[in-house]
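Peer 1: Pasting a structure here, questions to come.
The values are calculated or read from the model by the stated rules, or taken from the named source; none is laboratory data. The model shown is predicted, which means the values in this text are computed figures rather than measured ones. Every residue, glycine as well, gets a Cβ built from its backbone with ideal geometry; the counts of neighbours run over all protein chains shown.
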Amino acid sequence: MVNILRQPTSEELKDFVDISRPLSQRDALRKKIMQYAKDLEAKHTKEYTPYDYPCAKYDFEKAYKDYVAEVGIRTENIRQEEVERLSKFDFDFDKYSDKTRLKLIAVNENQEHRIQQGTKVTETSGYTEVYICPRGHRIKVFIPIEVYKERKEVKIVDKEVKEVKTKK
């Protein structure tokens, strides 16, 4: 018999299951939840706020593994009722963005060098806040100078400069 390759029709693809790369529904659900955590981390990065992704991932993996063992779900050939039990698994990723669980250990000034009219000039482009979590992970958050100035309002009182927090 001769090997003839052709593109499958849309009707044939409707019920197609790719067995060359098996992925159980349990792992698909786990990956979907972890993608949510990564999206949450990206959101916090855009807002220039800390998010403890390493601890969130570690705690999620541990809680998920314990839940699967507790419920007694098999790892292969998962049935529909097991998928429904897995979908009831709940994990709070939002608590890892809480600043009360993180300790601010340093605020570093970021400087950029550029040439202006033939002279090398150093400018502050922003600040990096370094946090540490209870497990010892270091979380660095870069904040551009404009955003940093918005968050910190500088007032002169009796010839002393005091920083007053205006936004969280």
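Peer 1: From the residues in the range 96-125 that are among the hydrophobic types (A, V, I, L, M, F, W, C) and in contact (Cβ under 8 Å) with a residue 12 or more places away in the chain, which one is surrounded by the most Cβ atoms within 10 Å (Cβ to Cβ)?
Peer 2: So the residue we want is Leu102.
Peer 1: Related question: Among the residues in the range 24-38, are any closer than 12 Å to Ser97 by Cα, in a helix (DSSP H, G or I) and at pLDDT below 90?
Peer 2: There is at least one residue in the range 24-38 that is closer than 12 Å to Ser97 by Cα, in a helix (DSSP H, G or I) and at pLDDT below 90.
Peer 1: Here is a follow-up. If I ask for residues that are part of a helix (DSSP H, G or I) and touching an Asp or Glu at 6+ places or on another chain (Cβ under 9 Å), which ones from the range 45-74 would you list?
Peer 2: Tyr53, Ala56, Val71, listed by residue number.
Peer 1: Cβ contacts < 6 Å: first residue surrounded by 15 or more Cβ atoms within 10 Å (Cβ to Cβ), restricted to the range 132-147; second residue basic (Lys, Arg) and part of a strand (DSSP E or B), any location; separation 6+ or different chain. Result?
Peer 2: Ile132/Lys103; Ile132/Arg138
Peer 1: Could you list all residues from the range 85-95 that are surrounded by 14 or more Cβ atoms within 10 Å (Cβ to Cβ) and under 15 Å from the mean Cα position of the chain (by Cα)?
Peer 2: If the condition is that a residue be surrounded by 14 or more Cβ atoms within 10 Å (Cβ to Cβ) and under 15 Å from the mean Cα position of the chain (by Cα), then Phe91, Phe93 are the ones that fit.
Peer 1: If Asp92 satisfies all but one of (1) part of a helix (DSSP H, G or I); (2) at pLDDT 80 or above; (3) of a type in the set (D, E, K, R), what's the number of the condition it fails?
Peer 2: (1)
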